[in-house]
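Below is one structure, written out as structure tokens; the observations come after it.
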Amino acid sequence: MAYKTINPYTNEVEKEFPNATDEELEAVLAKAHQLYLDWRNDSESLEDRKAILHRVADILRERRTEYATIMSHDMGKLIGEAEGEVDLCADICDYYADKADEFLKPRTLETDAGKAYYIKQSTGVLVAVEPWNFPFYQIARVFAPNFIIGNPMILKDASNCPASAQAFADAVLEAGAPEGSLNNMFISYDQVAKAIADKRVSGVCLTGSERGGMSVAAEAGKNLKKTTMELGGNDAFIILDDADWDLVKEVAPQARLYNAGQVCTSSKRFIVMADKYDEFLEVLKDAFSAVRMGDPTDRTTTLAPLNSKSAKEKLEKQVELAVKNGAKVYYGNEKVDLPGQFFMPTILTDITPDNPIFDQEMFGPVASVYKVNSEEEAIALANNSSYGLGNTVFGEPEHAARVAAKIETGMSWINSGWASLPELPFGGVKNSGYGRELSELGFNAFVNEHLVFEPKR
């Protein structure tokens, strides 16, 4: 596996990183495991980790544009979006440092049989397999809580974002973290499997594709290792009869186009009542036609290229497949006369359940718009998916919340596009995965909930 920064705007190879050897992997496993033991045996180490994590947050904020530029060169993210990602990572680090004592305090258990409580303890070295679309955020949201807990981490990041992964790991070391805390390794999937099988590894967290999730989960299951899986999504955006139409117009386009549509929680299926269907199509068309494609580090650019040539080719084939099977192109699907991996924002309609694309995630600026005649039809359509990650409902707040509760999904947003905050849990159901990241739920993902019980005499 070649770890390279290939700038998706210029198509130039900017950096290459050598693959790690098996000997290097073994050395890292040994160092990380010893660090886990040291932390377990040092009751004062938590205070050090809290201070270090705050310092990581400080470094991120101090160098936000530098780190944002690295991400932009790795995978094409708009510079402003990348700076926002760095800010969020800093907030995540501060959040877990601030919440450490609260989240780790013993929890009393009610029983008439005696005195009982449980304590939260570290479990060991974790393997994190992370994607390219949010090169810093995906690392921060698993590293920060587990660093506080005392679980060292081996990171296998996406092969097209090596500079971002290394920059984050270097920031952690600069903040004063002991070597072995976050080990960014340029390893193969065979080496990932070897690490998962190692007795010193206690769990695996993955954000990525269904295929990747199934492979890693199978390896982890074979070795009885705990996992969390954050996989794909085909999120619905439901617009009810009592929706604030001005707010819909403001939010809907960006809910699809942010990060060039390369977000698992992007709104991808827009479900609209029949009387507003034509108007909504025009709203999207107006917004999509107004984007400015170009250099993602230029702050006047509003739509970035896709992350790679292969990503662009995959999306082109998906749109072609959809159209071949009856879908109509309302807008877009034209070649972009620019050298980078740009994809013209596209609107598809008339996608029927028998269309092969109906239950596929399209990772890029392609919106599928569906016409329905009732709220019940909207709910049924939203649930007719193998995915269940996020969901958006626009309408009178209480009404929208009732509808949201009927959607088979891990997260719902009311009168808002998708969002991520340190204090809000992130995760899905069905083929979108299992387990949660962020908030206290994410903190608890890889802890030993150790029961202590003293019976009555």
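Any chance the stretch 335-357 includes a residue that's touching a residue at least 40 places away in the same chain (Cβ under 8 Å), farther than 21 Å from A322 by Cα and touching a strand residue (DSSP E or B) at 6+ places or on another chain (Cβ under 9 Å)? Yes.
Inspect the stretch 108-127 for any residue being in the same structural domain as A68 (by TED's automatic domain parsing), crowded, with 21+ Cβ neighbours inside 10 Å, closer than 19 Å to S209 by Cα and not hydroxyl-bearing (S, T, Y) and give the result as yes or no. The answer is yes, given that some residue of the stretch 108-127 is in the same structural domain as A68 (by TED's automatic domain parsing), crowded, with 21+ Cβ neighbours inside 10 Å, closer than 19 Å to S209 by Cα and not hydroxyl-bearing (S, T, Y).
The sole residue among N391, N333 that is within 22 Å of the chain's Cα centre (by Cα) and over 22 Å from R211 (Cα atoms) is N391. Looking only at residues of the stretch 396-451 that are assigned to a helix (DSSP H, G or I) and without any contact (Cβ under 8 Å) to a residue 60 or more places away in the chain, we find that the one that is farthest from A252 (Cα to Cα) is L441. Given the options K77, K50, K31, K15, name the one that is in contact (Cβ under 8 Å) with a residue 40 or more places away in the chain and assigned to a strand (DSSP E or B). None of the other options fit; the residue is K15.
The stretch 160-272 holds helices (runs of 4 or more DSSP H) entirely within its bounds, and those carrying 3 or more residues that are assigned by TED's automatic domain parsing to the domain that holds K314 and without any contact (Cβ under 8 Å) to a residue 60 or more places away in the chain map to 245-257.
The values are calculated or read from the model by the stated rules, or taken from the named source; none is laboratory data. Everything quoted here is computed from the prediction, not taken from an experiment. Cβ atoms come from the backbone with ideal geometry, glycine included; neighbour counts cover every protein chain shown.
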